[in-house]
Structure formats: C-alpha cells, structure tokens
Amino acid sequence: MSSIQETIEDVKGAAQRMGGRMEGMAALRELTREMSKQHATSTALLAKQHKELQQVRHELEALRKQRSSGGGFPWGLLLLAGGGYALYRSNPSFREQVQGLLKRINPGPEGNLARAGDAAGDAVSDLAEGRSPGAALHDAGGELKRGAEKAVDNAKDNLQGSR
C-alpha cells in the first residue's frame, strides 16, 4: 500500500473512533440532563413536604398549648356524671347495682357483712371448681369478726351516750 492510502485509512479509523466518542458524549449529556430533571423534581417535592411538615408542627404546637392550658371546663366529666345520674334515676337494675357497690364500700358493719357474703360466695365457687375454700372462708370469718366488733362498739357508744 501506498503511504496516501495508509494515511487515508488512519484518518478514517481516527474519524470512526472520534464519532464513537462523540456518540458516547452525546449519550452522557442526555443522561446528565435527565438526572438534572429528576433532581429538580425531587428537590421540589422535598421542599413541598418540608413546608407541609412545618405546618403540621405549628398545628401540633397550637394543639399542645391548648391542651396544656388546663383552664378549660371539664365538659366531658360533666356529661359523664349527668349520664350516670340519668341512668341511675331511670334504670332500677342499675340503681340496685350501684347501691350494692356502695354497701360493699361502706366502712360500717353493713359493708363488712356484704364483703363476708362475697367471700362466702367465693368459697362456694372454689368448692364447685375443686379448689380449697380455706382462704375464702378465712376472709369471710375475718369480715364477720370485724363487722361484729363494729356492731359491739356502736352498741357501747349508744349505751354510754344515753347515760
């Protein structure tokens, strides 16, 4: 081959290599543009979310201040008490349950007798279920003893007060 043909072939090869590099650079430029668009979209979305979070934070602060002031009237408690009273007045079975609970709370002999009755019922349940009723019977005896002591003390006080 002649030197001109070799030079032409060399120039051709160099041109082809340069064309391949140019195509690669064009693809790289296109990829960079797409990534920039995605970055801009992500940045805008993050800015929007940041603004919404700030708004939620401010609303939460306002709600926290409102709740912690403690100066408000307890309307919920008032409504609950009113509903309980209305139920007590209108429902005889509910009234009986409340009165039964109050008897058990009563510190006098009546409360001791009610608690002794509960303990005796527990003893019967224990027997029916195959457990030892000893602890429940012990509790019933203790309540009866305390109730009797209170009744005796009340009788003594009444006798001393009448003299």
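Residues in segment 47-64 carry Karplus couplings, in order, of 5, 5, 5, 4, 5, 5, 5, 4, 5, 5, 4, 5, 5, 5, 4, 5, 5, 4 Hz; the curve used is 6.51 cos²θ - 1.76 cosθ + 1.60 with θ = phi - 60°, and Gly or Pro positions show x. His39 sits with roughly 130 Å² accessible to a 1.4 Å probe, with DNA, RNA and ligands left out of the calculation. For Lys145, the lysines whose Cα comes closer than 18 Å to its Cα, not counting residues fewer than 8 places off in the same chain, are Lys103, Lys156. Once both labels are positioned 7 Å from their Cα atoms along Cα-to-Cβ, the gap between Asn158 and Ala40 label points is 9.7 nm. Against the longest alpha carbon principal axis of the chain, how many degrees, from 0 to 90 and to the nearest 10, is the axis of helix 75-90 turned? Helix 75-90 and the main axis of the chain meet at about 40 degrees.
Could you check how many percent of all C-alpha pairs in the chain are farther apart than 19 Å? That tail contains 82 percent of the Cα-Cα pairs.
Only Lys, Arg, Asp and Glu carry charge here, each on its Cβ (+1 for the first two, -1 for the last two); on that basis the chain has a dipole of about 740 debye about its Cα centre.
Each residue of segment 5-16 was assigned a 3J(HN,Hα) from its phi angle through the Karplus expression (A = 6.51, B = -1.76, C = 1.60, θ = phi - 60°), giving 5, 5, 5, 5, 5, 5, 5, 4, x, 5, 5, 5 Hz with x at Gly and Pro. Here Lys48 is the anchor, and no aspartates and glutamates lie within straight C-alpha reach of less than 16 Å, apart from those fewer than 8 places off in the same chain.
The values are calculated or read from the model by the stated rules, or taken from the named source; none is laboratory data. Computed from a predicted model, the values in this text were never measured in an experiment. All Cβ positions, even for glycine, are placed from backbone atoms using ideal geometry, and neighbour counts span all protein chains on display. Protein only, heavy atoms only, side chains kept; ligands, DNA and RNA dropped before computing areas. Shrake-Rupley method; radii C 1.70, N 1.55, O 1.52, S 1.80 Å.
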